[in-house]
Amino acid sequence: MIRLSGPRAFPLARRIVPLARGRGVRRGTGRLGEATFPCDAWSMPAPRSYTREDVVEIHLPGAPPLARAAVDRLLDLGARSADPGEFTRRAFQNGRIDLAQAEAVLAAIRAGSDAELSAAAALLQGEFSRRVAGLEDRLTSFAADVEASIDFVDQDIDLLPSVEALRRLRDLGRELSALLADSRAAEVASDAPAAFLVGPRNAGKSTLFNALAGTDAITSDVPGTTRDLLEGRVEGLRLFDAPGLPGEGAAGAVDREAAHRAEKAIRGADLWVVVVDATAPEVPCAPEPGRPAVAVVTKSDLADGTAVAGRLPIPDAVVVSAVTGHGIGELRSRLREWAGAAGPGARFTLSRRQLALLRQARRSLDRAAESFRAERSPEFAALDARAALDALGGITGRRVDEEILDRIFTRFCVGK
């Protein structure tokens, strides 16, 4: 079968096969030069098609040379070969499906059992997407009210009383918790997901890596000690320790090359473990929208890591000391939670990325509620509400970086 999608799908297809008038199938004879062949050609005009574009599907006899000749002719006429997952990506970009449903297509392709196929079909039907979209809409209204109240913080006008804000956050939190209870992580057959320690040079990444992975990577107070990518297995994840990112004191050519290689590898990670030094707090770079991340404040034996964690833009934060062991157990639990699955009664089977983003949204709401209870400036709650929106938008695709989309859709095969 050959599939064409786009504004030139019909005129290109008509050069080699007869098409029905409007929507439908035309059974007839196609032509390639002097050769003819039987075919069925399905015409699906926009917007009532998978991609919401004009789509033609040409069904040929099972002869690979014939299929190759037909594809070559279409390419000569001006078509181009589809990228992996491009048809589903167009369906997403044209509003036919959201990102959660697009990932369900991939899950259906990879399903190895009837149970896995049923779980993918449940996501494709859209109930999970509707519940997330509903949360997004209500959270957007809440965030708008919080940000509007900032303009009147110095005046005797209370646009959003704390009691009302806490009630709305409580309702949102309950709904999000119910959605989490209904979800579990899909099993990954190929390999364990990759988590990268991301942070400035000399932030304590290698010491933390040793404490988690039980290794003995060389550590020192000299920036740039780590130059190669180190890998260990931790709580069902492949944990990588990489050199510090570019622009963080990498003076020599070797240091700069190591940093640039690390940055390239980190972009392909499933989870960022952002390492922040409590004695010199600096977030090297914020994760792109849609990328799960957990912050780890290291060296809490030398400075107040809790205060640093409260100021970070990443809501999911753990304070640790790799020297004393403080917080290492909590961090292991957090990584295990990210990699693990919920109980068998869950209705939705999600990717680990989706499940992690749901948890990030829940923790962001908790932080926003804590800001209101502590009577802090509404700016703090506004930041946490936006962080929760970014997490939910990373699931539906409303707020997601192109790099994340590329990573998702390149996992598809060509033709899907």
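With θ set to phi - 60° and the Karplus curve 6.51 cos²θ - 1.76 cosθ + 1.60, what are the ³J(HN,Hα) couplings of the range 137-145 in order, to the nearest whole Hz, using x for Gly and Pro?
Computed from phi, the couplings for the range 137-145 are 5, 5, 5, 4, 4, 5, 4, 5, 5 Hz.
Please enumerate, by chain and number, the lysines with C-alpha under 24 Å from the C-alpha of Lys205, excluding those fewer than 8 residues away in the same chain.
The reachable lysines, counting only those whose Cα sits under 24 Å from Lys205, are Lys264, Lys299.
Springs between alpha-carbon pairs under 10 angstrom, Gaussian network model over the chain: which of Gly134, Gly126, Gly62 fluctuates most?
Gly62
Determine the gain in length on full extension of the stretch Asp76-Asp137; use 0.36 nm per residue of separation and subtract their C-alpha separation, reporting nm with one decimal.
This chain segment gains 17.3 nm when fully extended.
Hey, can you grab everything whose amide H is under 5 Å from the amide H of Val274? Only 5+ residues off in sequence or another chain; H modelled, so Pro and N-termini drop out.
Sorted by chain and number, the residues that satisfy this are Val198, Val294, Ala295, Val296.
Under the rule of at least 5 residues apart or a separate chain, name every residue whose amide H is placed under 5 Å from the amide H of Leu239.
Amide H neighbours of Leu239: Ala195, Gly232, Arg233, Val234.
Efficiency by 1/(1 + (r/R0)^6): what FRET value for Ala63 and Arg233, r their Cβ-Cβ distance, R0 = 41 Å, to the nearest 0.05?
Given R0 = 41 Å and the Cβ-Cβ separation, E is 0.30.
Convert each backbone phi in the range 316-333 into a coupling constant with the Karplus relation 6.51 cos²θ - 1.76 cosθ + 1.60 (shift: θ = phi - 60°), then list the ³J(HN,Hα) values in order as whole Hz, x for Gly and Pro.
Calculated HN-Hα couplings, in order: 8, 10, 10, 9, 9, 9, 5, 7, 8, x, 4, x, 5, x, 5, 5, 4, 4 Hz.
What are the ³J(HN,Hα) couplings of the range 398-406, residue after residue, when phi is run through the Karplus curve with 6.51, -1.76, 1.60 and θ = phi - 60°? Round to Hz, x for glycine and proline.
So the Karplus estimates, Gly and Pro as x, are 5, 9, 8, 6, 4, 5, 5, 4, 4 Hz.
Put a dot 7 Å past each Cα toward the Cβ at Ser162 and Ala111; how far apart are the dots in nm?
5.0
Helix 99-110 sits at what angle to the longest principal axis of the chain, using alpha carbons and giving 0 to 90 degrees rounded to 10?
70
If you take the alpha carbon radius of gyration of the range 72-118 and divide it by 2.2 N^0.38 Å, what ratio comes out, to two decimals?
1.50
Can you give me the distance in nm between label points at Asp40 and Lys264, each placed 7 Å from the Cα along the Cα-to-Cβ direction?
In this crude spin-label approximation the distance works out to 4.7 nm.
Can you give the relative contact order of the chain as a percent, counting alpha carbon pairs under 8 Å and 6+ residues apart?
17 percent.
Please return the longest range in the chain lying between exposed loop sites, taking GluC sites (Glu not before Pro), DSSP loop only, at most 15 other beta-carbon atoms within 10 Å, and leaving the sites out.
Longest run free of exposed loop sites: 35-186.
In the neighborhood of Arg73, defined by Cβ-to-Cβ distances under 11 Å, what is the net charge if each Lys or Arg adds +1 and each Asp or Glu adds -1?
+1
Tell me the angle of helix 253-266 to the major Cα principal axis of the chain, expressed in degrees between 0 and 90 and rounded to the nearest ten.
Here the helix axis deviates by roughly 60 degrees.
Assign one of three labels to the range 78-158, namely rounded, prolate or oblate, based on the Cα gyration tensor with a ≥ b ≥ c the square roots of its eigenvalues; rounded applies when a/c is under 1.5, prolate when it is not and a/b is larger than b/c, and oblate otherwise.
In terms of gyration-tensor shape, oblate.
What is the set of long-range amide H partners of Gly30 at a cut-off below 5 Å, with H atoms built 1.01 Å from backbone N?
Sorted by chain and number, the residues that satisfy this are Phe37, Cys39.
What's the percent breakdown of Cα-Cα distances in the chain across 20 Å bins, shortest bin first?
23, 46, 25, 5, 0
For the range 11-140, what is the per residue volume of the convex hull drawn over the alpha-carbon atoms, in cubic angstrom?
144
With everything on Cα atoms, drop me the angle between helix 64-76 and the longest principal axis of the chain, reported from 0 to 90° to the nearest 10.
80
The numbers here are math on the coordinates, done by the rules we state, and not lab data. Quick caveat, the model's predicted, so the values are computed rather than measured. Here Cβ is always computed from backbone atoms with ideal geometry, including for glycine, and neighbour counts include all displayed protein chains.
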